[in-house]
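Quick notes on the structure that follows.
The values are calculated or read from the model by the stated rules, or taken from the named source; none is laboratory data. Bear in mind the structure is a predicted one, so any value in this text is a computation, not a measurement. Glycine also receives a Cβ, built like all others from the backbone with ideal geometry; neighbour counts cover every protein chain displayed. Only protein heavy atoms, including side chains, enter the accessible area calculation; ligands, DNA and RNA are left aside. Shrake-Rupley method; radii C 1.70, N 1.55, O 1.52, S 1.80 Å.
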Amino acid sequence: QNLWLGTGGGLLVYHSSTLQPDSSLNNLINSIDRTEVMTIFHDRSDNIWIGSFHGLFKVKPAAPFNHITANATGRFRISANRVFGIRRAASEKAWVGYLFEKEKFTLLDFKNKESGAYFIQDHNEAHLKQLINQSAVDIFCDSLEFWLEKYRNGTDANSFIASHGYDNTLPGIIGSCLRKTYPAINSKHIETFDWNNDYFWIASPEGLIRVNRKTSETVAFHPSSSKNSINTGSITCLLAENNGDVWIGTNGGGLNHFDRATNSFDFYTTSEGLAHNSIYSLVKDHKGRLWIGTGNGLSCFFPSNKQFRNFYPSDGLINSEYNRFSACRLENGWLLMGGMEGIDYFHPDSVLKEEQKPIVQISEIKVQDKSWPVANRLNLTYDQNYLTISFAAMDFRNPAANRFAYKLQGIDKDWVQSSQNSVSYASLSPGSYHFLVKASNPSGTWSDTPASVLFTIYPPWWKSWWFVSIAASAILALLYGIYRFRIHQLKKVLAVRSKISRDLHDEVGATLSGIAMYSHLLNQQLKENQLTAAGHSLHVIQNSASEMVDRLSDIVWVVNPQHDSLGQLLRKLEEYACEIARARNMEVIVSVDKGIAPLKLPMESRRNIYLACKEAINNAVKYSEASSLELLAVTTDHVVELILRDNGKGFDPDQVRKGNGIHNMQQRMREAHAEITLESKPGNGTTWKIVYHL
């Protein structure tokens with residue numbers, strides 16, 4: 001309800017209902033006096049921002065926490081700041097004890113805002129008896145009603161101590177009484193204790209002890225590897241509830257909880273949102289919320305949803321570290337939390353008013369350590385794979401206490417919590433990524449909607465989908481080509497095998513059939529003593545057998561891969577020409593170009609050329625009446641020419657009926673993918689030319 005005015009002469013603040021200056025802001029007004037105020041802004045967290053010619057000022061909202069210290073002015077104060085025990089007294093009053101001044105007590109009257117000091121040597125005075133009867137004896141080790149019953153009938157505390165020889169301290173007295181009443185408690189030292197309907201709960205250096213109040217049965221709980229056990233034996237405070245559950249504050253182990261229904265423990269640490277893992281005081285408010293004084297701030301735990309809200313000096317607390325036995329709730333619901341700097345007191349409903357959830361934003365993006373414009377989507381190359389993303393929570397009450405949780409989908413499996421406002425990712429692989437970040441304010445309230453940025457790192461061109469597709473297609477095409485070539489080769493081999501099979505069937509088979517027939521005829525002729533006819537049959541058989549051997553030799557020679565060169569073919573033709581020309585006294589002349597011998601010929605081409613040349617040699621020897629036969633082989637520009645030339649009588653090709661010999665030669669050249677030409681004139685000999693392209 002304040003009216004803030006920015007003027008050329010400074011800042012003015014008035015209460016809107018009275019239009020009178022707000023006295024609570026006098027110091028602020030003085031600090032900005034004579035400064036030209038240009039703008040005033042009220043943010044979502046109730047901060048007031050003042051922009052002036054002398055800089056920026058931030059005014060925090062009024063803190064819901066009140067304080068009681070030893071150096072406070074007026075009558076409402078305590079004797080020392082280091083509080084070590086607070087106990088509720090009658091009505092709106094509380095007893096306060098001190099860490100280093102154990103003989104002193106203070107009675108705080110919150111209704112009248114005044115306090116009174118008391119000393120232990122005043123034990124004969126009425127107010128000290130009242131102090132004892134109202135449980136001030138357990139300021140140092142929490143309450144123990146059953147022990148008070150021992151001297152509520154008027155027993156003097158000092159005479160009780162003297163007659164029983166107890167340690168002259170209140171914790172020592174109460175511990176000794178517990179051990180005397182319950183002999184099963186074998187611990188020599190008791191840290192603290194509490195009780196509920198059925199049990200006493202006792203913290204000792206040996207662990208947590210539970211004593212049945214009726215049967216005295218004792219059970220000890222020790223830390224173990226089981227997840228259902230207490231997580232540490234260093235216990236500082238206990239809060240037992242009527243339903244049998246127990247809240248346990250520890251030194252370093254956070255908050256432990258004993259669930260009577262399951263007879264097991266669970267625990268909460270800073271990982272679950274607790275302000276600090278060392279706890280020194282526990283108290284429940286009127287709505288069942290648990291308030292926890294820690295070694296670094298104040299935590300409020302909500303058992304219903306197991307969430308924490310934390311508060312620090314930046315939120316208005318006077319203490320950052322709280323002390324043992326120094327928490328209590330007054331009848332009117334106000335809470336008192338004592339620590340090293342005095343007492344914080346507050347009403348929980350005022351502190352836990354609904355807060356605005358923080359907004360989180362991406363503040364900076366760096367790629368390879370160079371700033372990029374902040375955008376919702378980034379497209380990057382494969383060598384732009386080192387990113388730093390910075391972010392900010394739009395809550396300025398205590399920015400250092402803001403926390404963040406981020407996740408890079410595809411890299412981080414779960415949310416990663418951090419107090420840092422940036423994160424770096426190095427050597428990211430090509431792909432699509434979605435970065436998300438959310439924030440919480442110092443009270444532990446998280447933002448609803450995370451900030452996000454999408455970015456894609458494209459692979460290098462040689463890893464891109466189109467290149468991989470092309471390469472894969474090329475490889476598949478190559479493999480298919482190899483496959484087709486292999487199939488073609490196999491077909492060629494099958495064709496050759498079929499050809500050889502046909503040749504064997506047509507030539508050798510026919511010859512063998514003739515030999516078989518003439519052999520049968522010869523047998524009959526010999527039986528009938530037809531010697532002349534038998535001699536003819538024997539001659540036919542002999543010639544047929546020789547012809548068959550010759551043909552088989554040709555087939556074997558052609559199939560042998562050692563004879564696939566042109567040189568081997570020419571030597572074979574030379575041997576054959578010399579052999580049959582010798583009977584006619586014909587001279588055989590062979591001329592071969594250099595370098596032609598190693599040239600390779602496919603088997604089928606070699607076979608057809610050989611048989612065609614053999615046919616031409618046979619014709620020359622039988623019909624040409626020549627005295628010489630030339631075999632020439634020349635090569636130019638990947639072309640081979642084979643020339644067979646005789647100096648015989650020649651003939652006119654147009655006047656000669658083309659028989660099977662010439663037809664077969666032409667057919668074989670077509671199969672060999674070669675060309676054959678015939679040149680002959682009467683009286684000028686005959687020339688056959690075969691042209692083959694390598």
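Annotations for the structure displayed:
- Å² of accessible area per residue within the chain, as computed with a 1.4 Å probe and no ligands counted: 53 Å²
- Residue by residue, the stretch 484-491 carries 3J(HN,Hα) couplings of 5, 4, 4, 4, 4, 5, 4, 5 Hz when phi is fed to the Karplus relation 6.51 cos²θ - 1.76 cosθ + 1.60 (θ = phi - 60°); x denotes Gly or Pro.
- Accessible carbon and sulfur surface of the stretch 246-336 relative to its total accessible area, %, 1.4 Å: 43 percent
- Taken along its three principal axes, the alpha carbon spread of the chain comes to 171, 79, 37 Å, from the longest extent down to the shortest.
- Sequence of W465, W247, W372 from largest to smallest accessible area, 1.4 Å probe: W465, W372, W247
- Amide H contacts under 5 Å for N81, placed H, 5+ residues apart: A70
- Only protein atoms count toward the accessible area here, which uses a 1.4 Å probe; on the stretch 624-694, the carbon and sulfur part of that area reaches 46 percent.
- Excluding same-chain neighbours fewer than eight residues apart, the lysines reachable from K104 by a Cα-Cα span under 17 Å are K93, K129.
- Filtered trypsin sites (Lys or Arg not before Pro), the stretch 369-426: DSSP coil and at most 11 other beta carbons within 10 Å: K413
- Modelled label reach - R502, point 7 Å along Cα→Cβ, the stretch 542-564 residues with backbone N closer than 20 Å: 551-560
- Estimated at the nearest 10 Å², the accessible area of F311 is 10 Å² with a 1.4 Å probe.
- Percent carbon-and-sulfur accessible area, the stretch 190-240, ignoring ligands, DNA and RNA, probe 1.4 Å: 44 percent
- Amide proton proximity set for Q307, modelled H, under 5 Å, gap of 5+: F302
- Pairs with C-alpha atoms separated by more than 25 Å, drawn from the list K370/K407; K366/K407; K284/K407, are K284/K407.
- Global geometry of the stretch 452-491, whether rounded, prolate or oblate, following the gyration tensor of its Cα atoms and the 1.5 cut on a/c: prolate
- The HN-Hα couplings worked out from phi for the stretch 70-84 by the Karplus form 6.51 cos²θ - 1.76 cosθ + 1.60 (θ = phi - 60°) are 6, 9, 6, 7, x, 8, 9, 8, 10, 7, 8, 7, 8, 7, 9 Hz, whole numbers, x standing for Gly and Pro.
- A cut-off of 5 Å between modelled amide H atoms, ignoring neighbours fewer than 5 places along the same chain, links S264 with D259.
- Theoretical gain in end-to-end length, V468 to Q307 [0.36 nm per residue, Cα-Cα removed]: 52.8 nm
- A simple spin-label model places pseudo-atoms 7 Å from Cα toward Cβ; at R582 and I475 they are separated by 6.2 nm.
- Converting phi to 3J(HN,Hα) with the Karplus coefficients 6.51, -1.76 and 1.60 and the offset θ = phi - 60°, the stretch 564-576 yields 8, 8, 5, x, 4, 5, 5, 5, 5, 5, 5, 4, 5 Hz in sequence order, with x at every glycine or proline.
- Helix-only [θ]222 nm of the chain, DSSP H runs n ≥ 4, -39500 (n - 2.57) each, per residue, nearest 500: -8500 deg cm²/dmol
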